[in-house]
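The values are calculated or read from the model by the stated rules, or taken from the named source; none is laboratory data. Remember, it's a predicted structure, so these values are computed and weren't measured experimentally. Please note: Cβ atoms are built from the backbone with ideal geometry, for glycine as well, and neighbour counts cover all protein chains shown. The accessibility values were calculated without ligands, DNA or RNA, using every heavy atom of the protein model including side chains. Shrake-Rupley method; radii C 1.70, N 1.55, O 1.52, S 1.80 Å.
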Amino acid sequence: QKQQAEAKKAETQQYLTSNARKLFYSKNDGVIGNPQGKVSLLIMNDYRCGYCSKARVIIDDVIKNNSDVRVVMKQLPILGPESKYAAKAATLAQQKNKFDAFDEKLKNQTRPITMEKVNTALRQSGLKEKDITAQNDALDSVIRDNYQHAQGLAVQGTPVLIIANSNLTQVEFIENVLDQKAIEAKIKEYQG
């Protein structure tokens, strides 16, 4: 069993390394923090996930404390139709260069996130629900790609946090997404 676990871990790391560019630099993923940051964090996120909300508060603090961090928000909707709708809306917002506004509006909505709250955040960001309908197939395709990445990374749920250095030669999972000190220590290590 131990050998199987080690083999799976090696396989996952191999996927991470060989797909780092696609994972960290997809034009469909929103970016918060410093877009030119030398260290990148990638968070696989579901807007309806309670742990994702908690992790996000920590990530926002990490961004405040570290001006050199770029955070990629990869949508991985796993909690039903509302999650998927929010993920499509976030992807659309990114494609229309309004991700920051949309993300901020949706993040500040009360839980649980509903389709109506997503629509409110869309409207507040200058987007329309009909834009999602018009681009539904393309948005679905982006979400499917994200699911494939999750499968390749053996991801079981959200949130997932991955760190990379600027040239993507160092890439690894951060185990405890709710441990701000550990995340910041890892960032310092990657800056060095």
(request) Pull up region 115-157, narrow it to residues that are under 25 Å from Asn176 (Cα atoms) and not in a helix (DSSP H, G or I), then point me to the one that is least open to solvent (accessible area, probe 1.4 Å). (result) Leu153
(message) I'm trying to understand the selection: among the residues of region 66-104, which are part of a helix (DSSP H, G or I) and among the hydrophobic types (A, V, I, L, M, F, W, C)?
(response) Ala86, Ala87, Ala89, Ala90, Leu92, Ala93, Phe99, Ala101, Phe102
(request) Could you grab the pairs with beta carbons closer than 8 Å, sequence gap of 6+ or different chains, first residue in region 164-186 and at pLDDT 95 or above, second one open to solvent by less than 30 Å² (accessible area, probe 1.4 Å) and of a type in the set (Asp, Glu)? (result) none
(message) Among the numbered criteria (1) touching a residue at least 60 places away in the same chain (Cβ under 8 Å); (2) within 19 Å of Lys74 (Cβ to Cβ); (3) out of contact with any strand residue (DSSP E or B) (no Cβ under 6 Å at 6 or more places or on another chain), which one does Glu104 miss?
(response) (1)
(message) Would you confirm whether or not region 165-181 contains a residue that is open to solvent by less than 70 Å² (accessible area, probe 1.4 Å) and assigned to a helix (DSSP H, G or I)?
(response) yes
(request) Specify the residue that is least open to solvent (accessible area, probe 1.4 Å); the eligible residues are those in region 13-28 that are in a helix (DSSP H, G or I) and basic (Lys, Arg). (result) Lys22
